[in-house]
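A.B. asks: Shown below is the structure under consideration.
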Amino acid sequence: MATIKQIAQAAGFSPTTVSRILNNDNSLSVTQETREKVLQAANSLGYGRDQIPRVPYRMAVFFWITAQEELDDVYFNTLKRSLQFYGKTYGLSLEFFEKGQLDAAQVADFDGFIAVGAFNQTERAILEQISNNGVFIDSNPRIGHFNSVQPDFEQIISEALALCQTAGMTKVGFIGGQYLNPDTNQFEPDSRENIFRNYASRAGLLDEKLIHAHDSFSVTTGQVLGKQIAENTSACPLPNAFIVAADPIAVGVLQAFSAAGILVPRDTSLLSINNIQMAKYTSPPLSTFAINQDELCRAALARLIDIMENPEKQIYQRTLVSAYLVARGSFVINQAN
């Protein structure tokens, strides 16, 4: 009696692809040549349709975000819930693994993988061996060697700076967190800070004294940096606006500014990123760029399914998902400070 694994080995395709072809799955996008090759292999092995049940894709989700990071930034908690939702929607079997739970034998047991977070050199090497069967969400550790779906931070930062310029603002600062390098265990500038430096320099708005960063993307980071900024206004006056890397940081900044008597947007404006639920309830409510985590996860899982169903395609894709501004009270458009 022929098995899916035997037919897959004979045809040279994945067991899930073979199963879907043999079950006449019309949503499967493969060439006629692929279908014929699978059917020929099945016939040569004496395949009978009632022998082989439909098998769902089995995906590993390496969610390299600590419990504290999830607590500090609900962005990642939302990503996890979206993955679970779209996994069910697409009929996938998702198994989540926590940071540190990664070895080559384990990955080989799955049809593909989703990766979220920062992976060290050893872990990246394991994933790179099978990288065509995986998709990173929110980052890409090696462009050209991994598939990924990411927020378009260049679009967000450049649009935020353009809004400031349109409002006649001549001084714009940046407040953010930092990236913890898993190889060195040292904090480094985050991509949002690097992008801000690049675009602010192009616009003639770069002032190193107005760039502030601390370790995590948390409310505490915002409180620490906001207090430092408030205490140093005599030496370094407030800019017209700050672009803030993430909403939790912006919440902390608002708290610190309020305690110091700095009023937003009267004394300085804030433009943030993420549009978490809390953003609409701050005082004043945060103007922020909404990142659609649902779309990040949907697009990543759709890309992963496409990879599994078309193994002959060896092209790595990096998909950037744009964001849109949700204008609220922390930034007054078309009005300079």
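A.B. asks: So, in the chain, how many Lys pairs have Cα atoms under 27 Å apart, if the pair is 8 or more places apart or on different chains?
C.D. replies: 14
A.B. asks: Charges at C-beta only: +1 for Lys and Arg, -1 for Asp and Glu. How large is the resulting dipole of the chain about its Cα centre, in Debye rounded to 20?
C.D. replies: Working: 26 positive and 34 negative charges, 125 e Å.
Dipole size: approximately 600 debye.
A.B. asks: Okay, moving on. Run the numbers on the range 55-135 and let me know its relative contact order in percent, using alpha-carbon pairs under 8 Å that are six or more apart.
C.D. replies: For the range 55-135, the relative contact order is 44 percent.
A.B. asks: I need to check one value: relative contact order of the chain, counting alpha carbon pairs closer than 8 Å and at least 6 residues apart, in percent.
C.D. replies: Relative contact order of the chain: 19 percent.
A.B. asks: Obtain the nm distance between the two label points defined at E70 and D25 by a simple spin-label model: each point lies 7 Å from its Cα along the Cα-to-C-beta direction.
C.D. replies: Distance between the two pseudo-spin positions: 2.8 nm.
A.B. asks: Using 1/(1 + (r/R0)^6) with R0 = 22 angstrom and r between the beta carbons of Q9 and D306, what's the FRET efficiency to the nearest 0.05?
C.D. replies: 0.45
A.B. asks: Of I305, S148, G117, which is farthest along the charge dipole of the chain in the positive direction, counting Lys and Arg as +1 and Asp and Glu as -1 at C-beta?
C.D. replies: Ranked along the dipole, the leading option is I305.
A.B. asks: Enumerate the amide H contacts of H212 below 5 Å, restricted to partners 5 or more residues apart or on another chain; note that Pro and chain-start residues carry no placed amide H.
C.D. replies: It is F174, I175, G176, by chain and number.
A.B. asks: While we're here: List the trypsin sites (Lys or Arg not before Pro) within the range 303-333 that DSSP assigns to loop and that have no more than 12 neighbouring Cβ atoms inside 10 Å.
C.D. replies: K313
A.B. asks: Quick query: amide H of S272 versus all other amide H atoms, modeled in the peptide plane; which residues come in under 5 Å with a sequence gap of 5 or more or a different chain?
C.D. replies: V244, S287, T288, F289
A.B. asks: Next question. More than 26 Å apart: what percent of Cα pairs in the chain qualify?
C.D. replies: 54 percent
A.B. asks: Run the accessible area of the chain with a 1.4 Å probe and give the carbon-and-sulfur part as a rounded percent.
C.D. replies: Carbon and sulfur atoms account for 48 percent of the accessible area of the chain.
A.B. asks: Continuing with the same structure: Using a 10 angstrom Cβ neighbour count of at most 13 plus a DSSP loop assignment to flag exposed GluC sites (Glu not before Pro), which longest range of the chain is free of such sites?
C.D. replies: 99-311
A.B. asks: Percent of Cα-Cα pairs per 5 Å bin, from 0 to the last occupied bin, for the range 269-337, please list those.
C.D. replies: Histogram of Cα-Cα distances, whole percents per bin: 3, 15, 19, 14, 11, 10, 8, 8, 6, 4, 1, 0.
A.B. asks: Ok, one more. Would you mind calculating the gained length between R197 and K313 on full extension (0.36 nm times residue separation, minus the Cα-Cα distance), in nm to one decimal?
C.D. replies: That works out to 38.1 nm of additional length.
A.B. asks: So, R0 is 30 Å and r is the distance between the beta-carbons of Q84 and M278; what FRET efficiency does that work out to, to 0.05? Can you show the working numbers first?
C.D. replies: Details: r = 22 Å, r/R0 = 0.73.
So, using R0 = 30 Å, E works out to roughly 0.85.
A.B. asks: For the range 220-337, give me the percentage of DSSP beta bridges that are antiparallel, rounded to the nearest 5 percent. Don't jump to the answer; show the numbers that get you there.
C.D. replies: Details: 3 of 10 bridges.
The answer is about 30 percent antiparallel.
A.B. asks: Another question about this same structure. Would you mind telling me the antiparallel percentage of the DSSP bridges in the chain, rounded to 5?
C.D. replies: DSSP beta bridges in the chain are roughly 15 percent antiparallel.
A.B. asks: Between L263 and N185, what length comes free when the chain is fully extended (0.36 nm per residue of separation minus the Cα-Cα distance, one decimal in nm)?
C.D. replies: Gain on extension, L263 to N185, equals 24.4 nm.
A.B. asks: Follow-up question, since we're still on this one. Whole angstrom only: what separates the Cα centroid of the range 232-263 from the Cα centroid of the range 121-198?
C.D. replies: When both Cα centres are located, 23 Å separates them.
A.B. asks: Return the sequence-ordered ³J(HN,Hα) values of the range 28-37 in whole Hz as given by the Karplus equation 6.51 cos²θ - 1.76 cosθ + 1.60 applied to θ = phi - 60°, using x for Gly and Pro.
C.D. replies: 6, 9, 9, 6, 5, 4, 5, 4, 5, 5
A.B. asks: Need one number for the range 212-337: average projected area of the convex hull over its C-alpha atoms, nm².
C.D. replies: Answer in nm², one decimal: 9.6.
A.B. asks: Which angle from 0 to 90°, rounded to the nearest 10, does the C-alpha axis of helix 191-202 make with the longest principal axis of the chain?
C.D. replies: The angle comes out near 60 degrees.
A.B. asks: Next question, about the same structure. Give me the one-decimal nm value for the distance between modelled label points at D152 and Q101, 7 Å along each residue's Cα-to-Cβ direction.
C.D. replies: 3.6 nm
A.B. asks: How compact and how long is the range 94-140, expressed as Rg and Dmax of its alpha-carbon atoms in Å?
C.D. replies: For the range 94-140, the Cα-based Rg and Dmax read 9.7, 25 Å.
A.B. asks: Continuing with this model, one more query. At 1.4 Å probe radius, can you tell me the per residue accessible area of the chain in Å²?
C.D. replies: 46 Å²
A.B. asks: Using a 1.4 angstrom probe and counting only protein chains, how large is the accessible area of D109 in Å², to 10?
C.D. replies: Taking all protein chains as shown, D109 has close to 100 Å².
A.B. asks: For the range 136-242, what proportion of DSSP beta bridges, expressed in % and rounded to the nearest 5, is antiparallel?
C.D. replies: Within the range 136-242, antiparallel bridges account for around 25 percent of the total.
The values are calculated or read from the model by the stated rules, or taken from the named source; none is laboratory data. These figures come from a predicted structure and were not determined experimentally. Don't worry about glycine lacking a Cβ; one is built from the backbone with ideal geometry, like all the others, and counts go over all protein chains shown. Protein only, heavy atoms only, side chains kept; ligands, DNA and RNA dropped before computing areas. Shrake-Rupley method; radii C 1.70, N 1.55, O 1.52, S 1.80 Å.
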